[in-house]
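Visitor: This structure is in structure tokens; I'll ask about it shortly.
Please treat every number below as a calculation from the coordinates, not as lab data. All values derive from a computational prediction rather than experimental measurement. Quick reminder, even Gly has a Cβ in these numbers, built from the backbone with ideal geometry, and neighbours come from all protein chains shown.
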Amino acid sequence: MLPTRTAPQQEREPTSARDVLGERQRAVRVLPRQDVDRHHGEQGDSAGRVDPRQPGAGASGHRPSLVAGRLVGMTTICLTGSTDGIGLAAARTLLADGHRVLVHARSQARGRPVVDALSGDVDLVVGDLASLRDVRALAERLRAEPLDVLAHNAGVWVRDDTPRITADGFETTFALNVLAPHLLTSLLAGHLSGRLLWLGSGMAGSGRPKPTALGGERETRQAYADSKACDIALALAWGRRLGLPSAAVDPGWVKTKLASSGAPGEVEDGADTLAWCCVQAPLQEAPYWKDRRPATVPGRLRDAGLQDAVAVACDRLAGITPAGGPAAAGTG
């Protein structure tokens, strides 16, 4: 079960879904895709009543219900970027608590060894988030079974030999951290039934996203800060669009491969709040969380006009129609 814990020290550097986590691997039972439906039953409404008419409802009674703002029962959760770091640690916690977890990786080669070392109701989904074409294919796979929670954990800080521009023509940090989760959310808008999570950062406060200039090249540190500011803005904008709980999580400054030396927190510190927000946090109480407590949204990002402008700009760049589907002339 998710334990009660004390807060780590204040974050000063970013984290990412590609962070390194020490090996704590176990045996696995991976279900073939055609067998997943039998693990999902009826879905509860906001009062905890069961409504078999809702999307994805079945007969086994294993779908979660919403009680006092929390998901109760077995929940199907997709964690993007969950083959290492915070994402993998959160996946382990959620699997141990009896939830079904869809571990996302860039490729089968990257993800299969990780999934084969996990235990519980786990499956692998793949897609390179640097490619809008792959994002659309990932969405199609995720629509193949009920989905309660989508957690946008994947992210990157561009450095070393990482390409600065994607094949679609966008600055890489923006493409992976912002545009990919925005498009994936749009494509799953009519399918997602529970809640939506985004990964923020203490650096979001220094972000200066300009809706009219998203996706262009900039200095790598500023690109990361801007991307995390966009993620918080999109968490609020998508909450209004979907009418579902949508929030951002600040994982804190923890020992990951993106953190500078001296990070005081452990990977599990950041993963704890992410896993808790996936199923237990009363997200209706706040749009931003850290250490299992509401956090302050950076001042400029509280502007609903800016939030919506960022979302509309991402719609245009990803080729999304106002109804939420990909436009005929969309990129990718």
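Visitor: Please sort 96-105, 195-204 by packing, taking for each peptide the average over its residues of neighbouring beta carbons within 10 angstrom, highest first.
Guide: So the order, starting with the most tightly packed, is 195-204, 96-105.
Visitor: Sort the following peptides by mean Cβ neighbour count (other Cβ atoms within 10 Å, averaged over residues), highest first: 176-183, 108-115, 268-275, 289-296.
Guide: 176-183, 268-275, 289-296, 108-115
Visitor: At most 14 other Cβ atoms within 10 Å and a DSSP loop assignment: could you name the trypsin sites (Lys or Arg not before Pro) in region 141-194 that fit?
Guide: Filter output for region 141-194: 159, 164.
Visitor: Cβ neighbours within 10 Å, averaged per peptide: list 232-239, 305-312 in order, most packed at the top.
Guide: 232-239, 305-312
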